[in-house]
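Trainee: Handing you this structure, nothing more for now.
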Amino acid sequence: MSDLDKSIGAVFKDFIDEKINERIKEIEKTLKQTNRLFSVPELAEYSGFSTTCLYNWLKKKRDPIPHFKIGKWYRVFLPDFLIWLSQYQVGAHEGVNKLVQY
């Protein structure tokens, strides 16, 4: 193997290592952001559901979204919401399953 091949290999390895480290940092940041309690407006922004819809689901007598109520404020742990939401899934959708299983 020539010195040029070794140099190209080293540059390629450094590039791949840098991209892997960037991706690890992105994943860690995402986990820190999602592994916390969400307010209803934050959950609405994250999920795309309206706040009205989420409040209705929180107040359901039967099978409400798992939540905490502190005073008049509702807080939802995102993994609990994703698990709750997955029970309404019709057919397989790999994206939600990956989110729920992280």
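Trainee: Please list 3J(HN,Hα) in residue order for the stretch 10-24, calculated via the Karplus relation 6.51 cos²θ - 1.76 cosθ + 1.60 where θ = phi - 60°; whole Hz, with x for glycine and proline.
Mentor: 5, 5, 4, 4, 4, 4, 4, 4, 5, 5, 5, 5, 4, 5, 4
Trainee: Amide H neighbours of residue 74 under 5 Å, at least 5 residues apart or on other chains, H built in the peptide plane: list them.
Mentor: Amide H to amide H, under 5 Å and 5 or more residues apart or across chains, residue 74 pairs with 40.
Trainee: Taking neighbour counts of Cβ atoms within 10 Å as a proxy for exposure, in what order, fewest first, do 65, 8 appear? All intermediate terms of the calculation are to be shown ahead of the outcome.
Mentor: Details: 65 20, 8 11.
Least to most surrounded, the residues fall as 8, 65.
Trainee: Now for a different question. Could you pull out every residue, at least 5 positions away or on a different chain, whose amide H is within less than 5 Å of the one on residue 65? Hs are placed 1.01 Å off N in the peptide plane, and Pro or chain starts have none.
Mentor: Here the answer is 58, 60, since their amide H atoms fall under 5 Å of that of residue 65.
Trainee: 5 Å is the cut-off here: which amide hydrogens, built 1.01 Å from N in the peptide plane, fall below it relative to residue 37, excluding neighbours closer than 5 in sequence?
Mentor: For residue 37, no residues qualify.
Trainee: Residue by residue through the stretch 69-84, which ³J(HN,Hα) values in whole Hz follow from phi under the Karplus form 6.51 cos²θ - 1.76 cosθ + 1.60 (θ = phi - 60°), with glycine and proline marked x?
Mentor: Per residue, the Karplus-derived 3J(HN,Hα) values read 10, 10, x, 9, 9, 9, 9, 10, 7, 3, x, 5, 4, 5, 5, 4 Hz.
Trainee: Through the Karplus equation 6.51 cos²θ - 1.76 cosθ + 1.60, θ set to phi - 60°, convert the phi angles of the stretch 46-63 into ³J(HN,Hα) values in whole Hz; use x for Gly and Pro.
Mentor: Per residue, the Karplus-derived 3J(HN,Hα) values read 5, 8, x, 7, 6, 5, 4, 4, 5, 4, 4, 5, 5, 9, 4, 6, 10, 6 Hz.
FYI, it's all coordinate maths here, none of it is from the lab. A quick note: this is a predicted structure, and the numbers were derived from the prediction, not measured. Cβ sites come from the backbone with ideal geometry, for glycine too, and all protein chains shown count toward neighbours.
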